[in-house]
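Written out below as structure tokens is the structure these notes cover.
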Amino acid sequence: MLILFKGEDMEFYETGKIINTHGLKGLIRIEYYHYKPKKLMEASSIYVGKEKTKYSIKNITVNKKILLNLHGLEDINEAEKLKNSKIFINLEEKELLIEDKDEYFIEDIIGLNVYDTKDKYIGKITNIHKTGKNDIYEIDNDIKKLIPASKQFIKIIDLKNNKIIVELIEGLIE
């Protein structure tokens, strides 16, 4: 699901939430919505809270917890004010969060038209179910169909042409 917010001169993409403070020097503990928190360092800035206050990241520490050290956030009192605030990046930088060429954002997949390898229309992706190892794409064309989002079945994802090519096996979606 695209978590998008518009500001006066910028669109924002939600990437996490501040869940607590850590220590006395302004460190914050975050919940991060993507796989690799260190990728957040590549963003030019992050924006925090409803006001979208701009911060640059000094450092990210990832152990059992994800800790952010932000420029301008120097003590626990300042950090405490940000607790439960959402974290955003500039929408134009969301591609920085992608790890490899076979990774896509849910909002980019939902709505794509699905065709088999013989170019027969199967339906449109209406939902993505998170199951652990592979997601499951829900395809709707009057009847809901489910297909695993694995390389065995998903052959091409073509965002430019708004389509996915799938290789079907007997009984998969009949």
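None of the figures in this text is laboratory data; all of them are computed from the coordinates on show. As the structure is a prediction and not an experimental result, all values here were calculated from the model. Quick reminder, even Gly has a Cβ in these numbers, built from the backbone with ideal geometry, and neighbours come from all protein chains shown.
Arranged from fewest to most other beta-carbon atoms within 10 Å of their beta carbon, Lys54, Lys64, Lys86 become Lys64, Lys54, Lys86. Kirkwood analysis of the chain, using all unique Cα-Cα pairs, places the hydrodynamic radius at 18.2 Å. Across segment 44-54, coupling constants 3J(HN,Hα) worked out from phi with the 6.51/-1.76/1.60 Karplus curve, θ = phi - 60°, read 5, 7, 10, 10, 10, x, 4, 7, 6, 5, 7 Hz, and Gly and Pro carry x.
Backbone geometry of segment 13-18 corresponds, through the Karplus equation with coefficients 6.51, -1.76 and 1.60 at θ = phi - 60°, to 3J(HN,Hα) couplings of 10, 6, 10, x, 8, 7 Hz, x marking Gly and Pro.
The simple spin-label model puts a point 7 Å past each Cα toward its Cβ; for Asn113 and Ile98 those points are separated by 2.2 nm. Annotation: amide H-H contacts under 5 Å for Ala149 (H modelled 1.01 Å from N, sequence separation of 5 or more, or interchain): Asp135, Ile136, Tyr137. Bridging of Lys83 to lysines at a Cα separation below 20 Å is possible for Lys17, Lys25, Lys50, Lys52, Lys54, Lys58, Lys64, Lys65, once same-chain residues fewer than 8 apart are set aside.
Every Cα-Cα pair of segment 106-166 was included, and the share exceeding 19 Å stands at 18 percent.
Full extension of the chain between Lys120 and Ile76 yields a length gain of 9.9 nm, computed as 0.36 nm times the residue separation minus the alpha carbon distance.
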